[in-house]
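Visitor: This is the structure I have questions about; it appears just below.
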């Protein structure tokens, strides 16, 4: 199962030559080239997500269960290959003390932040699993901790194997990372389980320049029922022109457990 997380960079006219209208076809080409079975995007506005849904149809379906569409929002969003999975159920909520209040935020969060999730059944095996996509706050350190605790508490209640992906705006080994991999449910970081180095080559943000900055902030984490076989930071570009200010991140997961332990609720 190929799983991709991709921060799209929101639609912003101030980006000039890197505005969405100039990048969007390249975004579709990158997704189509690597063919993830499950795709999780961040920062997508409705216009961007509608474009992707149209361009990726009929191979992919967008999950937007119970979504309140708002032109001011950036939505973490899942897409899945319809030929491989049956959608079972999904929902989303805001990472705040009032998760059902639209655009709510707390602590020192600069923006409202959301988590979106969906459960699928793999057609060829009948196994069930749950996928989450999120985007934690970029400025609020306390907010990131509290937002990750909300996600961890939610994960701990799930009976199906889980995959968590997104832009966490924090470094591996941080409090946020430990919360999501250790505190609530034993989850594994795909990059770390493959013993890949944390260095300049692992950084995932590059501000459209192809020169990585900060740290590896885009993660794919999974429960022990899966095993990471491969993981790649995708540096696809068109003669130095990049599809986003983040590199997409792709991991290949396999089921570790026998079919009888596939994780039905």
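Visitor: Would you kindly calculate the translational diffusion coefficient of segment 2-261, applying Stokes-Einstein with the Kirkwood radius from alpha carbon pairs, for 20 °C and a viscosity of 1.002 mPa s, and quote it in µm² s⁻¹ without decimals?
Guide: It comes out at roughly 117 µm²/s.
Visitor: So which residue, out of 98, 41, 77, gets the largest mean-square fluctuation from a GNM of the chain using Cα contacts under 10 Å as springs?
Guide: Per the Cα network of the chain with a 10 Å cutoff, 98 tops the list.
Visitor: If you don't mind, another one. Would you mind classifying segment 1-120 by shape? Square roots of the alpha carbon gyration tensor eigenvalues, ordered a ≥ b ≥ c; an a/c under 1.5 is rounded, otherwise it is prolate if a/b is larger than b/c and oblate if not.
Guide: Working: a/c = 2.11, a/b = 1.15, b/c = 1.84.
Since a/c reaches 1.5 but b/c is at least a/b, the shape of segment 1-120 is classed as oblate.
Visitor: Take 73, 265, 162 and order them by how many other Cβ atoms sit within 10 Å, fewest up front.
Guide: Details: 73 17, 265 9, 162 22.
Ascending Cβ contact count within 10 Å gives the list 265, 73, 162.
Visitor: In what sequence do 94, 69 fall when counting other Cβ within 10 Å, fewest first?
Guide: Working: 94 21, 69 11.
In increasing order of surrounding Cβ atoms, one gets 69, 94.
Visitor: Right, here's the next one. According to the square roots a ≥ b ≥ c of the eigenvalues of the Cα gyration tensor, what is the shape class of segment 85-230, taking rounded for a/c under 1.5, prolate for a/b larger than b/c otherwise, and oblate for the remainder?
Guide: Since a/c reaches 1.5 but b/c is at least a/b, the shape of segment 85-230 is classed as oblate.
Visitor: What's the long-distance tail for segment 113-162, i.e. % of Cα pairs beyond 18 Å?
Guide: Value for segment 113-162: 40 percent of Cα pairs lie more than 18 Å apart.
Visitor: Right, something else. Apply 1/(1 + (r/R0)^6) to the Cβ-Cβ distance of residue 66 and residue 175, taking R0 = 45 Å, and write down the FRET efficiency to the nearest 0.05.
Guide: E between residue 66 and residue 175, to the nearest 0.05, is 0.90.
Visitor: For segment 215-257, evaluate the Debye formula with one uniform point scatterer on each Cα (no solvent term) and list log10 I(q)/I(0) at q = 0.15, 0.16, 0.26, 0.31 Å⁻¹, rounded to two decimals.
Guide: Normalising to I(0) and taking log10 leaves -0.48, -0.53, -0.93, -1.11.
Visitor: OK, next. Choose one answer from 124, 138, 246: the residue with the largest mean-square fluctuation in a GNM of the chain with alpha-carbon springs under 10 Å.
Guide: Largest GNM mean-square fluctuation: 124.
Visitor: I want to verify a result. In a Gaussian network model of the chain, Cα cutoff 10 Å, which of these has the top mean-square fluctuation: 30, 63, 133?
Guide: Maximum fluctuation in the GNM of the chain, among the listed residues, is at 30.
Visitor: Going by how many other Cβ atoms sit within 10 Å of their own, how do 33, 103 line up, fewest first?
Guide: On the way: 33 9, 103 14.
Fewest-to-most ranking of 33, 103: 33, 103.
Visitor: Ok, one more. Figure the gain on full extension for residue 254 and residue 2 (residue separation times 0.36 nm, minus the Cα-Cα span) and round it to one decimal in nm.
Guide: So the chain would gain 89.8 nm between residue 254 and residue 2.
Visitor: When only C-alpha pairs under 8 Å and at least 6 residues apart count, what is the relative contact order of the chain, in percent?
Guide: Once divided by the residue count of the chain, the mean separation gives 19 percent.
Visitor: Among rounded, prolate and oblate, which fits segment 85-144 when a ≥ b ≥ c are the square roots of the eigenvalues of its C-alpha gyration tensor, a/c under 1.5 means rounded, and a/b larger than b/c means prolate?
Guide: Verdict is prolate for segment 85-144.
Visitor: Something else about it: Can you give me the distance in nm between label points at residue 199 and residue 103, each placed 7 Å from the Cα along the Cα-to-Cβ direction?
Guide: 4.5 nm
All of the numbers you see were taken from the coordinates with simple rules; none came from a lab. The structure presented is a predicted model; accordingly, all values stated were derived computationally and were not measured. Methodologically, a virtual Cβ is constructed for each residue, glycine included, from the backbone with ideal geometry; neighbour enumeration extends over all protein chains shown.
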